[in-house]
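Here the structure is laid out as structure tokens; the discussion comes afterwards.
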Amino acid sequence: MVILAIDYGDSRTGLACCQASEAIASPLGTVFEKSPEKRFQKLKEKADEIGAELIVVGHPINMDGSRGERAKMCEALAERLERESGIKTVLWDERVTTVQAAEILNETNVRGKKRKNIIDAVAATLILESYLDYRKKKQSEGKIGD
């Protein structure tokens, strides 16, 4: 199944995808857009462009499990994407993905503007990897589906 993952942000939104084999999550780039409406349209277009069959939106739940404003924004985005694109959309816990992405970039010595431009795509890739691991586990348990 072709899956698009989104790490949603106010001005930078990271994207990642996997192809039908679901073997590898790959960074797809970053959408640089401050206008919420233009950003939404670009996300919808990207989903169409890659032939996404499922969209996974990172859900930034607080460490105590509560939902802040950012989580609510992601919930609204997921709902709208599914409604307007017709593509099933799920929320996926992303509590530590940006921290993990920063650690990966530290280890690979990515700094400055380049780091700022790719950290969100790396975070989206981590979100998708986590979701793919979940799907594989479910399939191995005989509980196929999303």
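The values are calculated or read from the model by the stated rules, or taken from the named source; none is laboratory data. For clarity, every value in this text was computed on a predicted model and none was experimentally measured. Counting neighbours? That spans all protein chains shown, and the Cβs are built from the backbone with ideal geometry, glycine included.
Remarks
- Taken over region 45-61, the criterion of being assigned to a loop (DSSP other than H, G, I, E, B) and free of Cβ contacts under 8 Å to residues at least 24 places away in the same chain is satisfied by no residue.
- Qualifying positions in region 77-88 - surrounded by 13 or more Cβ atoms within 10 Å (Cβ to Cβ) and not charged (D, E, K, R): Leu77, Ala78, Leu81, Ser85, Ile87
- Some residue of region 78-95 being within 13 Å of Leu128 (Cα to Cα), in a loop (DSSP other than H, G, I, E, B) and hydrophobic (A, V, I, L, M, F, W, C): no
Table: residues versus (1) modelled with pLDDT of 95 or more; (2) surrounded by 15 or more Cβ atoms within 10 Å (Cβ to Cβ); (3) of a type in the set (A, V, I, L, M); (4) under 21 Å from Arg135 (Cα atoms).
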site: Gly9; (1), (2), (3), (4): no, yes, no, no
site: Arg12; (1), (2), (3), (4): no, yes, no, no
site: Cys17; (1), (2), (3), (4): yes, yes, no, yes
site: Ser21; (1), (2), (3), (4): no, no, no, yes
site: Lys34; (1), (2), (3), (4): no, no, no, no
site: Glu45; (1), (2), (3), (4): yes, no, no, no
site: Leu54; (1), (2), (3), (4): yes, yes, yes, yes
site: Gly68; (1), (2), (3), (4): no, no, no, no
site: Glu107; (1), (2), (3), (4): no, no, no, no
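- Single match in Lys72, Lys42 (criterion: basic (Lys, Arg), more than 18 Å from Ala123 (Cβ to Cβ) and assigned to a helix (DSSP H, G or I)): Lys72
- Selection from region 1-39 of residues that are acidic (Asp, Glu) and in a loop (DSSP other than H, G, I, E, B): Asp10, Glu22, Glu33
- Of the residues examined, Lys44 is one that is basic (Lys, Arg) and touching a helix residue (DSSP H, G or I) at 6+ places or on another chain (Cβ under 9 Å).
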